[in-house]
Amino acid sequence: QVQLAESGGGLVHAGGSLRLSCAASGNIVSISTMNWYRQAPGKQRELVASITSGGSTHYGDSVKGRFTISRVNANHTVYLQMNSLRHEDTAIYYCNIEGVRLITSSLRFHYWGQGTQVTVSS
């Protein structure tokens, strides 16, 4: 069974920084892509950043130049460094992993974390 543990959220003033962490645990062999999504009240869930097993990254337009995604494959952990935070970055941030290979199956799966709250005061 695979679980995602998210941490690092909190309250920060505009212009400040936070680093989110997501650690995947279970009978995992490998993970193709690791993503951070976010959802603010009354808005659709949006992709913030993604990173492949080879290190290729993608960022949403609203966070380019401010956020950095990284991963450590050895312990199945993904990070999101958030700098120059704005009030509009306030949301619940969700970790998502795709193309997950398990020891017990030849299939590939995907999983979602429970989310961590990020609040940026203006």
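Every number in this text was worked out from the coordinates using simple rules, so none of it is lab data. In this text, all values refer to a predicted model and were calculated from it rather than measured experimentally. No Cβ is skipped: glycine too gets one built from the backbone with ideal geometry, and neighbour counts run over all protein chains shown.
What to note about this one:
- Label-to-label distance, nm, for residues given as Ser53 and Glu98 (7 Å Cα→Cβ offset): 1.5 nm
- Segment Asn27-His87, length gained on full extension (0.36 nm per residue, minus Cα span): 17.8 nm
- For the range 10-26 versus the range 51-103, the gap between their alpha-carbon centres in whole angstrom: 10 Å
- The phi torsions of the range 102-113, fed into the Karplus equation with coefficients 6.51, -1.76 and 1.60 and a -60° offset, translate into couplings of 10, 5, 8, 8, 8, 7, 10, 10, 9, 9, 10, x Hz, rounded to whole numbers, with Gly and Pro shown as x.
- With both labels modelled 7 Å from their Cα along Cα-to-Cβ, the Val2 to Gln44 distance reads 2.5 nm.
- Whole-number percent relative contact order across the range 1-49, with pairs defined as alpha carbons under 8 Å at least 6 apart: 30 percent
- Take each peptide in 60-66, 84-90, 104-110, count the other Cβ atoms within 10 Å of every residue, and average; sorted highest first, the result is 84-90, 60-66, 104-110.
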